[in-house]
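The values are calculated or read from the model by the stated rules, or taken from the named source; none is laboratory data. Fair warning: this is a prediction, and the values are worked out from it, not measured in the lab. Backbone-built Cβ (ideal geometry, glycine too); neighbour counts: all protein chains shown.
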């Protein structure tokens, strides 16, 4: 197995061309300890992905801060690594806020987005001075109450905005950027002289991954700051995420050049705001693989089906992926030509139609083989439901060493929140 140097790894991750590699002997040893289905987390790839995204932005706009999207993968070892690398934690709920604090992030190292927050939780954030991007008018009601209760204090908040971006659907989140809405916001802050807007946020997860899109996104934020709230000192513009480590679109370097170019056009050198970026998939997507054993191979109406100890919930819960990168680790001494040239992978649940992991994997395949599904770090471990089979273990790898960072769940984990009458 080839061990990439740091710069090689960074380049390969940025280009989306490097597969997470593991040998059959390593898999067998891990399976003996943790079960024959598990996630493999490569922390060196986390390091490399972080650098591959952040460095191009900082070369062009030194005051760039990365806030890792906690919802993308909750694994505490990922969060502690991101904090070690200097990242903030971007959270969208009270649950995620607590997960981030348990991973060591202080209130000053957490960025809070999200559409739904209890008034008590939001009030506590405001009083602690946590950076919060408000999502709607009901949140301003909480800010009103807090600011009136503490008139001697100044409360700084961000605003999530929704505005036109080429070829992107209008977001349902945030404050709509139009004349009536912006005038209403200006009047609200004018009536609350101890409240101020410190920054502006947007996130267009389904916008095309292109340079025109990113230009429109950053320009839309800057335009609102300069046109509607020029009396407030602008501290940050939050570009959200949507960064993709794929050779099919612009590179991180090209995106950074466009974004930094707009900031240079819009703001004088001494007054440019902090640029916040909130990657999730760009950091963790390629840093995790799912490994599972093939239990059976059968032919049904001309299709070769490999039954594995895993499901679509483990590798494609969101249903976004039409293609999967799969490697077959064949059993020792296995003969070639044991099955058709290609096969489909089906899962271990009782779902007849839904639990098809992928199609057209290059064979041959046989019971006892292991399949390695690459690049499944996003929305996998956190969204695997406790359904029919338990959530598998997560094993981290770094420097050739392996460490269990999440044990396989048990029936006690399934049932611990249910109340049973005695």
Could you please let me know if residue 365 is in contact (Cβ under 8 Å) with a residue 40 or more places away in the chain, touching a strand residue (DSSP E or B) at 6+ places or on another chain (Cβ under 8 Å) and buried (at least 22 other Cβ atoms within 10 Å of the Cβ)? yes
Filter region 368-392 for residues that are outside any loop (DSSP other than H, G, I, E, B) and surrounded by 15 or more Cβ atoms within 10 Å (Cβ to Cβ) and give the result. 370, 371, 372, 373, 389
Residues to consider are 361, 395; find the one that is out of contact with any helix residue (DSSP H, G or I) (no Cβ under 8 Å at 6 or more places or on another chain), in a strand (DSSP E or B) and either closer than 30 Å to residue 103 by Cα or assigned by TED's automatic domain parsing to the domain that holds residue 315 (or both). 361
From 230, 250, which residue is at pLDDT 95 or above and not in a helix (DSSP H, G or I)? 230
Close pairs (7 angstrom Cβ cut-off, 6 or more residues apart or separate chains): without any contact (Cβ under 8 Å) to a residue 12 or more places away in the chain in region 137-148, surrounded by fewer than 19 Cβ atoms within 10 Å (Cβ to Cβ) anywhere: none
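Every residue, every condition in (1) at pLDDT below 95; (2) under 30 Å from residue 55 (Cβ atoms), yes or no:
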site: 264; (1), (2): no, yes
site: 267; (1), (2): no, yes
site: 275; (1), (2): no, yes
site: 279; (1), (2): no, yes
site: 283; (1), (2): no, yes
site: 292; (1), (2): no, no
site: 299; (1), (2): yes, no
site: 302; (1), (2): yes, no
site: 308; (1), (2): no, no
Restrict the check to region 176-191 and report whether at least one residue is in a loop (DSSP other than H, G, I, E, B) and surrounded by fewer than 20 Cβ atoms within 10 Å (Cβ to Cβ). yes
Grab the helices (runs of 4 or more DSSP H) fully contained in region 6-115, keeping just those with 1 or more residues being touching a helix residue (DSSP H, G or I) at 6+ places or on another chain (Cβ under 9 Å), crowded, with 21+ Cβ neighbours inside 10 Å and modelled with pLDDT of 95 or more. 43-60, 76-84, 94-102
Kindly indicate whether residue 140 is over 25 Å from the mean Cα position of the chain (by Cα) and assigned by TED's automatic domain parsing to the domain that holds residue 75. yes
